[in-house]
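The values are calculated or read from the model by the stated rules, or taken from the named source; none is laboratory data. What you are looking at is a predicted structure, and each value in this text was computed from that prediction instead of being measured. Cβ atoms come from the backbone with ideal geometry, glycine included; neighbour counts cover every protein chain shown.
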Amino acid sequence: MGPGEKIYVPATPYEAGPLHGVLSPFEPGTRTLPAGYQIDPQFKPIPCDIVFEKDVPVTMRDGVTIYVDIFRPVGSEKVPVLIAWSPYGKSGGTAPKVTMLYTMLGMDNAIVSGLAKFEAPDPAYWCVHGYAVCNPDPRGIAFCEGDAAMFGPQEGQDCHDLIEWLGVQGWCNGKVGMSGTSYLAISQWFTAAEQPPHLAAINPEEGLSDVYRDLVFRGGIPDFGFAERLRLNYTGAGQREDNSLEAQANPLVNALWDDKVAKFDRITVPAYVTASYSNTLHTMGTFRGWRRMASKEKWLRIHATQEWPDYYDEANTEDLRRFFDHFLKGADNGWEKTPRVRYAVHDMRGGDQENLPADSFPPEGVTNTKFFLHGGPRILAPIAPVPEIPAEYDSESNPALCSFTVRFDQETVLAGYPKAHLWVEARGSDDMDLFLLVQKLDAQGSHLSHITVPNSGARMQDITEQGSSVFRYKGSLGRLRVSARHLDPALSTDEVPAHSFDRVEKLSPGEVVDIEIDLSPMGMVFRPGEQLRLVIGARNITGPLVPLVTDLTPDNKGQHVIHTGGSRASYLQLPIMAG
């Protein structure tokens, strides 16, 4: 394969059966599920009669046929439809890997009917409120024809074709929406950019939007563990695209990766975007998508938990229905008066605030304030030290890090985008992999963290102690390979630096360079006496994203030197809200 070419390998064969869910056998046909129907005792019964069209063929523009399941209300009234696009299998909501995951996280499987795809809208809720739900298997998945694409325009084009097919069905009112979390959010960025005429609104909840920067090369550092885990979900008779192999063959941004960045300037449809500060896979991409999308009618809600319990929360589902009722049914329900931003503030002690209204994010009144690193006393202060005093560590030792703290003497709220501007040097190497964490300490200096799922028992404590970072919030994160430090002048701002990742600039012996590192957005309150700590280290501080994922291996050796003061005044920039 040449540079920039997609790489396909044989998919895992698909065998219908219990491992893929109750509805996994290929059984085309239409039937009515009566009110009270229960697909399995662990799921809730459906509250109304639902027409179930199973394994309906839909032909894509290139002749490839995919199969979809459609759940819709009984009756002659034309209804809008919500699409749940992902490769996870349209019967996957009852698969053991999903039910066991929910149980591990402390989520009751009875919150859904089992008719929903993993991470998707539940027909049991939406049908009773006058919506249809379409669960597709994309090309190459299960019984569908073709080869499975992994993120990008192919999925956007295919979902475009499905939207246009759904929009003219006799039972549809011509309005199509999309909803769902994670992969189901990612697919919305790429589909909305194709501008299908019948797409009337989207609801991306927590989804990366740039495969290079969010998934396989965050900060320019190779990190293929989750991509390798993700590809296990691509099961079918054909080939599947392999982002991990593509990353190994294409370590710099090129046309392949450009195709896997959502075309935000083409996303003009009304959007209800949901994000959190704590999702180490999706946070950066979700905020990027919301910032850059061209939609004039867009809303952002920042929550303080994990995406799945947030998505299925009853109050949040009702709130989402108001959005879709407005744009898919034309309801005059006052949705347009909803604050354009509702943000959260963590306190890490059980007193998190949510749904704080604002016109923008960062909210009005936030000032980006520099806190300079002092290499001697290892503090952060508003004034740079006059003498240049470096802080350093052995990148191959334990601990391979250095840190700096500031204690707040009055209540201080941070809400926005932090960043680090550092002067760095590698001794004994021509490169550095740097990992940053902005964390909260209590008045006694203990690190505060926050488990974001209902289960906070011993097992959850264990798996999130040094990994499973999407389930435990430990602070604002950033990372950068110093040879990838070149900034993209078209995308960078003082608030959020953006790197081009299209070149390698190794360090010469004794060379000191200044770098900017974007840190994940944050909302956090510090009470008087509490402290903020900036950690700079040579290892992935929070570990891999989820269980069973291999952590990255940094390419570090020798001494890392962080210069502070004088003409090399490194600083941490924090978004501080006026008191």
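Mind listing just one residue for me: the one in the stretch 438-457 that is outside any strand (DSSP E or B) and hydrophobic (A, V, I, L, M, F, W, C) and, of those, nearest to ILE221 (Cα to Cα)?
Once the filter is applied, the top-ranked residue is VAL453.
Provide a single number: the residues in the stretch 532-544 that are surrounded by 21 or more Cβ atoms within 10 Å (Cβ to Cβ) and not in a loop (DSSP other than H, G, I, E, B).
4
Could you grab me the full set of residues in the stretch 34-44 that are over 17 Å from SER91 (Cβ atoms) and surrounded by 15 or more Cβ atoms within 10 Å (Cβ to Cβ)?
LYS44
Every residue in the stretch 106-140 that is surrounded by fewer than 24 Cβ atoms within 10 Å (Cβ to Cβ) and of a type in the set (Lys, Arg), please.
ARG139
Could you identify the single residue in ALA185, ALA201, ALA192, ALA237 that is at pLDDT below 95, touching a Pro at 6+ places or on another chain (Cβ under 9 Å) and not acidic (Asp, Glu)?
Result of the check over ALA185, ALA201, ALA192, ALA237: ALA237.
Any idea which residue in the stretch 219-233 is modelled with the lowest pLDDT, counting only those that are among the hydrophobic types (A, V, I, L, M, F, W, C) and part of a helix (DSSP H, G or I)?
Restricting to residues being among the hydrophobic types (A, V, I, L, M, F, W, C) and part of a helix (DSSP H, G or I), the top hit is LEU232.
Taking the stretch 171-207 on its own, how many of its residues are of a type outside the set (A, V, I, L, M, F, W, C) and under 13 Å from ALA84 (Cα atoms)?
Within the stretch 171-207, residues that are of a type outside the set (A, V, I, L, M, F, W, C) and under 13 Å from ALA84 (Cα atoms) number 12.
Let me confirm something: among PHE372, PHE361, PHE435, which residue is buried (at least 16 other Cβ atoms within 10 Å of the Cβ) and assigned to a loop (DSSP other than H, G, I, E, B)?
PHE361
Suppose the filter is in contact with a helix residue (DSSP H, G or I) (Cβ under 6 Å, 6 or more places away or on another chain), at pLDDT 95 or above, of a type outside the set (D, E, K, R) and not in a loop (DSSP other than H, G, I, E, B); does VAL56 pass it?
No; evaluated as a whole, the condition is false for this residue.
State whether the residues of the stretch 96-111 include one that is touching a Ser or Thr at 6+ places or on another chain (Cβ under 7 Å), more than 24 Å from THR181 (Cα to Cα) and of a type in the set (S, T, N, Q).
Checked the stretch 96-111: no residue is touching a Ser or Thr at 6+ places or on another chain (Cβ under 7 Å), more than 24 Å from THR181 (Cα to Cα) and of a type in the set (S, T, N, Q).
Determine whether VAL68 is farther than 24 Å from ASP147 by Cβ, in contact (Cβ under 8 Å) with a residue 12 or more places away in the chain and among the hydrophobic types (A, V, I, L, M, F, W, C).
Taking the combined requirement at face value, the residue does not satisfy it.
If we keep just the residues of the stretch 399-444 that are of a type in the set (A, V, I, L, M, F, W, C) and either assigned by TED's automatic domain parsing to the domain that holds ARG218 or within 11 Å of GLU530 (Cα to Cα) (or both), which is nearest to the chain's Cα centre (by Cα)?
LEU441
Would you check which residues across the stretch 497-512 are among the polar types (S, T, N, Q) and under 20 Å from GLN559 (Cβ atoms) and list them?
Matches in the stretch 497-512: SER508 only.
How about the stretch 184-227: which of its residues are touching a strand residue (DSSP E or B) at 6+ places or on another chain (Cβ under 9 Å), more than 21 Å from ASP242 (Cβ to Cβ) and charged (D, E, K, R)?
GLU205, GLU206, listed by residue number.
Which of the residues spanning the stretch 438-478 are in contact with a strand residue (DSSP E or B) (Cβ under 7 Å, 6 or more places away or on another chain), in contact (Cβ under 8 Å) with a residue 24 or more places away in the chain, of a type in the set (S, T, N, Q) and crowded, with 22+ Cβ neighbours inside 10 Å?
Within the stretch 438-478, GLN439, THR452, SER476 qualify.
Can you tell me which residues in the stretch 26-53 are in a loop (DSSP other than H, G, I, E, B) and under 16 Å from ALA132 (Cβ atoms)?
Result: ILE46, PRO47, CYS48, ASP49.
Please work out if PRO96 is surrounded by fewer than 20 Cβ atoms within 10 Å (Cβ to Cβ), within 25 Å of PHE287 (Cα to Cα), touching a residue at least 12 places away in the same chain (Cβ under 8 Å) and assigned by TED's automatic domain parsing to the domain that holds GLY236.
No; evaluated as a whole, the condition is false for this residue.
Residues that are among the charged types (D, E, K, R) and over 28 Å from the mean Cα position of the chain (by Cα): does the stretch 534-543 have at least one?
No; the residues of the stretch 534-543 include none that is among the charged types (D, E, K, R) and over 28 Å from the mean Cα position of the chain (by Cα).
For the stretch 291-303, check the following and say yes or no: at least one residue is crowded, with 18+ Cβ neighbours inside 10 Å, farther than 26 Å from VAL112 by Cβ, out of contact with any Leu (no Cβ under 8 Å at 6 or more places or on another chain) and aromatic (Phe, Trp, Tyr).
No, that holds for no residue.
Suppose we keep only residues that are charged (D, E, K, R) and either surrounded by fewer than 17 Cβ atoms within 10 Å (Cβ to Cβ) or in contact with a Phe, Trp or Tyr (Cβ under 6 Å, 6 or more places away or on another chain) (or both) within the stretch 320-353. Which one would you say is farthest from GLN573 (Cα to Cα)?
ASP332
May I ask you to list the residues in the stretch 508-531 that are part of a loop (DSSP other than H, G, I, E, B) and surrounded by fewer than 19 Cβ atoms within 10 Å (Cβ to Cβ)?
SER508, PRO509, GLY510, GLU511, VAL512, ARG527, PRO528, GLY529
Just checking: which of the strands (runs of 3 or more DSSP E) contained wholly in the stretch 234-347 hold 3 or more residues that are touching a helix residue (DSSP H, G or I) at 6+ places or on another chain (Cβ under 9 Å) and assigned by TED's automatic domain parsing to the domain that holds ALA120?
Ranges flagged: 271-276, 298-303.
Do we find a residue being in a helix (DSSP H, G or I), in contact with a Lys or Arg (Cβ under 9 Å, 6 or more places away or on another chain) and more than 30 Å from PHE471 (Cβ to Cβ) anywhere in the stretch 84-106?
no
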